[in-house]
Structures are given as structure tokens and as C-alpha cells.
Protein chains: 4
Amino acid sequence: MNNHILLVDCPDREGLVYRVTGVLYRNSCNIISNGEFVDRDSKHFFMRTEFSGDIDRSAILAELKKDLGDDAAIKLAEKKKKNIVILASKEHHCPGDLILRQKYGELKADIRAVISNHDVLRDLADKFDIPFHHIPHDNLNRDEHETMVMGAIDDHSPDYIVLAKYMRILTGRFVSAYANRMINIHHSFLPAFIGANPYQRAYDRGVKIIGATAHFVTENLDEGPIIAQDVITISHTHGVEDMIQAGRDVEKVVLARALRLALEDRIFVNRNKTIIFD
Amino acid sequence: MNNHILLVDCPDREGLVYRVTGVLYRNSCNIISNGEFVDRDSKHFFMRTEFSGDIDRSAILAELKKDLGDDAAIKLAEKKKKNIVILASKEHHCPGDLILRQKYGELKADIRAVISNHDVLRDLADKFDIPFHHIPHDNLNRDEHETMVMGAIDDHSPDYIVLAKYMRILTGRFVSAYANRMINIHHSFLPAFIGANPYQRAYDRGVKIIGATAHFVTENLDEGPIIAQDVITISHTHGVEDMIQAGRDVEKVVLARALRLALEDRIFVNRNKTIIFD
Amino acid sequence: MNNHILLVDCPDREGLVYRVTGVLYRNSCNIISNGEFVDRDSKHFFMRTEFSGDIDRSAILAELKKDLGDDAAIKLAEKKKKNIVILASKEHHCPGDLILRQKYGELKADIRAVISNHDVLRDLADKFDIPFHHIPHDNLNRDEHETMVMGAIDDHSPDYIVLAKYMRILTGRFVSAYANRMINIHHSFLPAFIGANPYQRAYDRGVKIIGATAHFVTENLDEGPIIAQDVITISHTHGVEDMIQAGRDVEKVVLARALRLALEDRIFVNRNKTIIFD
Amino acid sequence: MNNHILLVDCPDREGLVYRVTGVLYRNSCNIISNGEFVDRDSKHFFMRTEFSGDIDRSAILAELKKDLGDDAAIKLAEKKKKNIVILASKEHHCPGDLILRQKYGELKADIRAVISNHDVLRDLADKFDIPFHHIPHDNLNRDEHETMVMGAIDDHSPDYIVLAKYMRILTGRFVSAYANRMINIHHSFLPAFIGANPYQRAYDRGVKIIGATAHFVTENLDEGPIIAQDVITISHTHGVEDMIQAGRDVEKVVLARALRLALEDRIFVNRNKTIIFD
């Protein structure tokens, strides 16, 4: 028997859990775990169900559609490995961490490619037999460069695109092509230090805590739905370089945590926020 | 319309969520939040549902009983303030914190009494018009003393008994009289430093982290089901007194957090562990 | 023999530690702990020394002045209780926590008064025999009100003024009167959510972590030197009220931690940052 | 001008900081940072000084020896890369993390070799051109095996030996050969869950926090001086495998943090504890 994940969201009304679980019950499925949430502001209902059963996918989807109505968004995913593409620039720690996790089976994904505007990480990708695409941005305008990057991404049909310290500003065209499928790691506890050089600015401000934020990418830089955040304490003895070094460990762990949530279909995007069933 | 909390646990089988939500649906109740968990080891099912509706309690309970079978434990609680009794010795920070929370409406409980084997905290209880019972243990054997304490507790019919640094070892008779209703705060991150003088032993061991643990009290000292834990970092500059001081803030916050979970009916005890829907 | 705390800061140059410890050595003082830091940006030297000895304060100060030169800021404090005044509005948790700490000897300070623009906390202050000054701002312009508050503060000659959720914007006149002596608790991990309603904005932004920041008050709201910060994790299930409730525990603990550092003369203000020897 | 690190410890007495800094001052050295600590229990003094200067090492050491007396332990280290050897078994995450850090210059050490009782990690070491020694323990008694491992270690003259999940019990002979130079990562927040299978036992106990501890190895398993610890929160939804997975991120980060402290000569071992100047 296979395991499946069902994601349902729709305007809230009475009996939703009853209806969804009824469909599963009548199809002899066994619920492994179940999470629901109703957003009080938008009166919207979210439900994630993990269940096992030998199912006829299209039959179940049709039945759910009929029972829940046309305004319900329904997604039925098989519990299996997904494909990802990593976009990186020069920094190694996030791509390196993900590559090691994949090699040893810790990552529920295949890294189909690393794409970078610099050639720095080719050596690392090569060692682990991961295709590396160097797409320099010299002599290209932003649109031309993005078109090439998008081509390289699309060749691999990834479920998710991971921006592992990809230090390029993205156009709306690029962002909307991968809506809710592109995860970025930002090196601050957003919304503090939106934009460039967060560690320098954290140093200048004299904060006692620094952090990292993984979020879906939207048109507004660093303002997309937050998936995961974490922090570490620092002191006046930390120079900017010390913060950057200390921050790397938070960045890579937070990115991996957010990616796991995405790969396990645990995230709903609710306007500019996430709802996470973990 | 009132809010209600339904707690169900029973051996796992197909259709449980469907059955429970069906009863609520047929009684025109609206689910506010829902949590389920199946313990893979014991194949036991746990479900907490918060719902609103004008209900006939006994009718719903009967219907649930019928649908779920005799092996289901079903509890239907109204969402309202509970009563607690605090047992304390000489330390003020946990009782004081709870008393302030009650005064300003932060605690979903009425503190019906503070009972202590010392007279130290009478002054504090008096200030906030909370009955204070001083039950010294001098010239009494353990059973005699406990009988007096139990009498004082039972006069107030509390939902929960909070051991807010009550530094007395309890007999099995006492513990079993308040099974799953007595919450203790232990001044270490259990199971490290079970027993007496945890800060001294943390100091001697040279740990870099200290903590606190709130747990239900069982016959085996410091081995009951853990509800909440938290920690803080320390360094070699902390003497034992510094640890005690730093630890107080963790203790009082962890105890309040655990108590909130109990007062909101968010905890199942699953053998020696807790399942918490928060 | 009494314990003393020596704070020295001056432009960095060779031999500073040697000179300072030389003066102490020649005066038969015994160093208990010692911390130094050189800010690489400003090339400025900071040193805090705790020592014991029967000293002639003015002789030691003169000797240090002679040895270190005119550009050295030297402060010699006795290790003893200081006086504080609390400014509050309606919220109880920070003032209440400080009052309990004082009552039980946890706070190295005497709370000389609670001053508030509302009458809400009078009852609490009265219970603990702490003078309460209600200075309403109705029918007063900002300057008039502040003049009255400053008068009430100055009557008690406090070492530090603690803004324990005092929800009033302060003028430059007020701020500069108590430079580096006024500690505020802000209910966010600054610089995130500067200004009003940080929990509402944290909710709207969908952060996964909230926090609190204690800082010295300067003319620019929420931009003064940060003394202490801490955070707690939240999730999509937290509404604004839940965040406010959860945040209170962080706020009161962070404020108490920052105040302890100030009361123990552990903080240097270095332009817009703090250097803390703990 | 080179940077140097001076470590001094001796029984506490008046004038120690003055004497040490006097020697440095007379040799035209400039102190960059300075930390001192006196252990109140043992009345022992510890001092770490980072300074710059063109020095005659033996002259300074002789001068310090003369000024401080025969009971002073004095170590003068140049601030430079050290050599380490990694001992591992089958788990990849700690060795992999250290190898990536080295490759990209984050680790202030050269990994001279990876030694393992299994052949699993050869592939990883090979990719990064790090010598890999497979020393199986089949058909060998413990002493024979250790003799071979010690031979392999000693061939590389490492400053530190890192036990990166090396799952073998060590004899006293082995341990004493590398006293205060061998760092182990244990997969629990010691002293909780000393010994084997800490995650299984954490699961059985129902803790809400798990952690990792890096410590110097001594004869008593898991009882050596603790260098660094960290934790993460878990819940009832975490099975043992989930804990193991979540724990890996804490383990690798805590080990790297402890190793950095050792490589920068920031650790004193004080009987069974560490004193850390960071």
C-alpha cells in the first residue's frame, strides 16, 4: 500500500472534515495523520491528510470535488521523492549542505542541477556528479540572463527551485513563472535587514541576535511568505566576518528545514503567510 | 453559543475522525480546530476537537459512545476557567508569577488556595486575597502530614494541583489521589539531574546549558510524563547561585506554559509521555 | 573589605591593562574579574574590573587619571544596591515582575516609585508599599506632562529609569536628561517592527519568531543601544492575542536581564551599541 | 607582525594580570583581547591573551616564567592553522560538514586524515583528496585495534583528534595518549542519556527537547569536560528516526563550534570542566 498526501483548502463551512474523511473512509483508506486550520481573518479552511490505501486517484479526486464543491482547491500527492534545482552564486555552504544530504539519503529530493552565475561551485557539483550550469550574466541584460536561467531550470522540470544564496535580483516574470515553488534563504531574521548586506547592518545596529529566514519568493524582495526562521546569539566581540561565519550555520540549517517542509507537502501558502502542518 | 472541547482516545481503527466529526456535524456544531495523532507503538488514537454549538451534552456523549464503541475514552469539557491549588515551600518565584497572572486575567484559572509546609509565602498570598494554608510537617510523619494536605486540597476541589517548588517527597497514596492532575516544576532539563540539588550538580558537571521541566507527578520522582521543557545557556562564570537565579526565569515560564496547556485541555497522557495539541 | 567596580574607556594604546592593573596592585587590591575589549572601528579601549580592597577612592582615581591621561573616562563604583524608578502605563507584567523580584531580594535595586500616566497599577504598587504617582496627560501638552514626570522622577534621584511598557513618545529634552540611564523594553526583536503595534505587524507579516529588545532610550524611537534580546517561536496558530500573551514572558525576562546588567555596571555604551562584560 | 596567543594558569594571587601584561608591554606587544577568570572553588587563575608583536618567543617565555613562578602553566601559541585527524564510523554528517568547511577555508585546520573502522566514508574522503585509513576491527582485540589506530593517528601528528561519531569504546591507554586533545560529539544534552542509543531513550522518556554535547574525551565515557552544547525542541510527533534526523543538524553544528574553540586556543580544562574565552 502506498502513502498519499491530500491537501485541501476552501472557504470554511460546516462539515468539511467530515466530508473529506468520509471520502477516505468509503475508499478504505487509513488516515496516518491529519491537520486542519481555519484562518479566522479570511474564514478559509486548510487541511492536510496523510493516509495509506490502494486508491484510484481520479475517482477519489472526483468524489472530493463533488462533495466539497467548486471552490475547493484539492491536491493529491504521492509520498515520494521530488526534483529540485539549486540556484547559487559563489557561496558554498547552503549548496554543499544540500548536496551532502542528498548523497546520504537525508534529502527527500534529487538535485537535478546546480545553476550559477559564477563558476565557483562547479568543482563541488562535479565531485557529486550533479550537472552544473554556469550562466554568467556578463554582457547580458537582466531579461536575457533570466531567459537563459529559466531555460536551464525548465530542462529539469523541478518541483522546487532552491535559491541557495543566489545573489541576483529577480524580475516579476521570473518569479511568477515559479510561484510558490521557489524557496530563498535570506541571511537575517526578516523583516529585520531586508535587502543587501544584512550582517553589516546587524553589526552597525549592534543587535544581540542574528538569524536566517527561508521564504517563498515573491515579486517584492524578501517579502514572500516565511517558511522557517532561526536565530543565534552574538555579542559585541563579533565583527562582521564573525557574524557571517556564525550565520552560515543558521542559514544552511534553516534552508534545509524549509525545504523538507516543502518536499513533504506540509506547507500551504495563505496570502502572504504560510500554514505549516508538521 | 458556547465553545466546547472534545477529547477522544481509543485503539486506532479506520474511520475514527469521520465518526467523531459526523456526530458533531449532525449536531450542527462548527469545528474551530482539530488535532489527531496515532501512536505507532501502541496503535492508539488521540483526538482533540474545539467546536462551537448549542449542544445537549449528554445526547452528544451518548451518540459518540455508540459510534465509537466501549473502548473509547471520551471527555467533553466546556471551555471555561478551572480551579487550581498551589503547593509551595519557601520559594516565591513560581507562586508569585502565577498569582500575578491570575490577578491580571492571564491565567485561565482561579487559584483557590496556596498550601505550604512553611509560612514564608503567607504575606504574598494575603496581598492578593488568596487563602493560605500553612501545614507544617514538624512532629508529623509523612502520612499524617499528607493527610492534612490532602484535606486542605480537597476542600477546594481543584481541577489541577500545581507543585510550584514544593520541596517534599510524595507517597504513592498522595500521587495516585491526583493522577494526571498534579503538575510539578523540576529545576533541570530532565532526565538530567533527577533528584535533589540539580543546580549544584549542573555546576559540578560543568554543563553549558541548564533548564527546567514541567511534568505530571507519578510515583517515581521526576519520572512522570513531561509536558514542557526549556533551557538557557550558561558559562564557566556562573556559580551555583547565578545558575539558581538564571534558572528561576526558566522555571516560572515553563511552569506557566505547562499549566496553560493543562487548563486548555490540550494534553493527553499516553503511558509515560504526553501528546500535546497546541 | 568592600567590592568595587572600575570602568575605564579611552582611545586604545599600548600598556593600558598594565597601567590599570598596576594601580590596583600598588593599592593592594585583588582583582576578582576583568574584562577588556577594543573596538576595532573606533580604536577605543573598554575595561571593566571588579576588585576587592580597602581603598582610598579619591587617591586611586587620581592615580588612574595620572597614569591613563586626560582622555580616559574613569568610573569607580561601589558594588551596592542602586535606586530605580519605573515608568509604566497600563500593562502589569513587566512592573509586576520587577516588583516581585525586589520583594524577594532578586533585584539589586530599590524601586523608589512607579510613575504612570494611568491609574491602573496603583493597586499593585500599593500592595508592595511602593510609592505610586499617577500623572495623567489629559489637558496637558507633551512638555507640560513631561515636566511633571521629570519632577516626580527627580524627587527619587534614581540611578536608572525603567520604561516598563511606558507607552508614551518622549521628547529630546526628556531623553537627554537621562542619557544612558533610561532602559526601555520594546516588544519586538529590533530592528524588526520599530514603532507601534509590533505584534499586529508580526502577525500580518507571518513571522515564525517573535521577540523582545531592551535598549537604552535615545532620541530616535527604538533606535538606542541594544542591551539584551530574546525570542520565542510561534506558528500560524497564534493570533495576535496569543502573540501578545506569549510575548509578555519574553518581555519581562529580557527587561530583567538588561536591568541586571545595568545595575551591576556591566554595560558600556559605545556610540549606538553596547559592550557588555558578563 | 604576527599574532600570538598566550595561555597562563596558576594558583591565584595578587598582581597576576599586572605581571603578565607588564611582560608584554616591555616587549612592545599590543594586546588585542584579554580574558581572565578565577575559579573560586580551586582558587586558580586562568588568562588568555591575544596580542601582536615581533617577539622573541623564548625570551618572553623565560621572562614570564621568572615573573610568575614555577607553579604557572604557560603556553605561547602562534595564531595559525592546526592539524586534525577525524575518527569516524559510518555516519557522514559530522565528517562531511568538517570536510566542506575545510575545503572552503571555514575551518582553521587541515584535516590530515579520516580514520574509520568501516569503509563507508572512503568515497567522501577521496572526493576531497583526504587520506582515508580503513582499520577494521574484525579479528582484532580492542588493544590490537587501538594500536593500529594510534599508529595511523600518530603518523599525522595532529593537534586535535575529532571523534565525529566514532562508535567505539576507548581504553584508558588510548584516551590518556591524547589527553585534552580528543574531542567527541555525543548525541544528547549530557548528562542526560549517557551511553548508547540516546535518541531511542529520549523517545522512550518523552522529552520535549533533544540536544548534542561536544566534550573532551576522558576515561569515563561521556563524562569528560563539556565544551559546547545545543538543543532543539521536538514534539510527540517525532519518532526515533525523526529525532535522529533532527539531531544531526545539532550534532554537526555543535561539533564544529567546539572544534573552532579548540583550534583558536580558547579552552582551558579545569579539572572536569572547561573555561572558555570567546
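The values are calculated or read from the model by the stated rules, or taken from the named source; none is laboratory data. Given the structure is predicted, the values throughout are model-derived calculations rather than measurements. Virtual Cβ from ideal backbone geometry, glycine too; neighbours counted across all protein chains shown.
Residues that are within 19 Å of residue A:79 (Cβ to Cβ), touching a residue at least 40 places away in the same chain (Cβ under 8 Å) and out of contact with any Asp or Glu (no Cβ under 6 Å at 6 or more places or on another chain) within the stretch A:10-56 comprise A:20, A:35, A:48, A:49, A:50, A:51, A:52, A:53, A:54, A:55, listed in sequence order. Out of C:71, C:67, C:110, one residue alone is at negative phi and out of contact with any helix residue (DSSP H, G or I) (no Cβ under 9 Å at 6 or more places or on another chain). It is C:71. Among residues of the stretch D:193-207 being at pLDDT 95 or above and small (Gly, Ala, Ser), the one that is nearest to the chain's Cα centre (by Cα) is D:202. On inspection, residue C:254 qualifies as among the aliphatic types (A, V, I, L, M) and more than 8 Å from chain A (Cβ to nearest Cβ).
Restricting D:49, D:21 to residues that are hydroxyl-bearing (Ser, Thr, Tyr) and touching a Leu at 6+ places or on another chain (Cβ under 7 Å) narrows the list to D:49.
Candidates in the stretch A:205-219 are the residues that are among the small types (Gly, Ala, Ser) and crowded, with 24+ Cβ neighbours inside 10 Å; of these, the one that is nearest to residue C:213 (Cα to Cα) is A:211.
Of all positions in the stretch B:106-113, at least one carries a residue that is within 21 Å of residue C:99 (Cα to Cα) and not charged (D, E, K, R). In the stretch A:205-219, of all residues being assigned to a loop (DSSP other than H, G, I, E, B) and within 22 Å of residue A:170 (Cβ to Cβ), the one that is nearest to the other protein chains (Cβ to nearest Cβ) corresponds to A:218.
List pairs: first in the stretch C:265-278 and in contact (Cβ under 8 Å) with a residue 60 or more places away in the chain and at the interface with chain A (Cβ under 10 Å from one of its Cβ atoms), second of a type in the set (Lys, Arg) and surrounded by 21 or more Cβ atoms within 10 Å (Cβ to Cβ), Cβ under 8 Å, 6+ apart or cross-chain? Going by the 8 Å Cβ cut-off, the qualifying pairs are C:268/C:48; C:277/C:48. Here is a check on your reading of the model: is residue A:255 hydrophobic (A, V, I, L, M, F, W, C), over 30 Å from residue C:35 (Cβ atoms) and in contact with a strand residue (DSSP E or B) (Cβ under 6 Å, 6 or more places away or on another chain)? Answer is yes for this residue.
A quick yes/no check of all residues on (1) within 25 Å of the chain's Cα centre (by Cα); (2) of a type outside the set (A, V, I, L, M); (3) at pLDDT below 95:
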residue: C:41; (1), (2), (3): yes, yes, yes
residue: C:47; (1), (2), (3): yes, no, no
residue: C:55; (1), (2), (3): no, no, yes
residue: C:63; (1), (2), (3): no, yes, no
residue: C:68; (1), (2), (3): no, no, no
residue: C:73; (1), (2), (3): yes, no, no
residue: C:80; (1), (2), (3): yes, yes, yes
residue: C:84; (1), (2), (3): yes, no, no
residue: C:91; (1), (2), (3): yes, yes, no
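Of everything in the stretch A:18-39 that is aliphatic (A, V, I, L, M) and at pLDDT 95 or above, the residue that is nearest to residue A:81 (Cα to Cα) is A:24. Of the strands (runs of 3 or more DSSP E) that lie entirely inside the stretch A:220-278, those containing 3 or more residues that are surrounded by 19 or more Cβ atoms within 10 Å (Cβ to Cβ) and in contact with a helix residue (DSSP H, G or I) (Cβ under 9 Å, 6 or more places away or on another chain) span A:226-233, A:273-276.
The single condition among (1) hydrophobic (A, V, I, L, M, F, W, C); (2) out of contact with any Ser or Thr (no Cβ under 8 Å at 6 or more places or on another chain); (3) more than 30 Å from residue C:248 (Cα to Cα); (4) more than 14 Å from chain D (Cβ to nearest Cβ) that residue C:84 does not meet is (3).
Going by the conditions given, is residue A:70 surrounded by fewer than 17 Cβ atoms within 10 Å (Cβ to Cβ), out of contact with any Lys or Arg (no Cβ under 6 Å at 6 or more places or on another chain), over 29 Å from residue A:252 (Cα atoms) and not polar (S, T, N, Q)? For residue A:70, the condition - surrounded by fewer than 17 Cβ atoms within 10 Å (Cβ to Cβ), out of contact with any Lys or Arg (no Cβ under 6 Å at 6 or more places or on another chain), over 29 Å from residue A:252 (Cα atoms) and not polar (S, T, N, Q) - is met. The combined condition, being over 25 Å from residue C:36 (Cα atoms) and either at pLDDT below 95 or small (Gly, Ala, Ser) (or both), is not fulfilled by residue C:249. Among the residues of the stretch B:57-67, those that are out of contact with any strand residue (DSSP E or B) (no Cβ under 6 Å at 6 or more places or on another chain), touching a residue at least 24 places away in the same chain (Cβ under 8 Å) and among the hydrophobic types (A, V, I, L, M, F, W, C) comprise B:59, B:60. Any residue at all in the stretch C:95-102 that's out of contact with any helix residue (DSSP H, G or I) (no Cβ under 9 Å at 6 or more places or on another chain) and either surrounded by fewer than 17 Cβ atoms within 10 Å (Cβ to Cβ) or over 24 Å from residue B:252 (Cβ atoms) (or both)? No, the conditions are met nowhere in the stretch C:95-102. For residues that are over 21 Å from residue A:254 (Cβ atoms) and over 14 Å from the mean Cα position of the chain (by Cα), scanning just the stretch C:224-240, find the one that is farthest from the other protein chains (Cβ to nearest Cβ). Checking each candidate, the answer is C:240.
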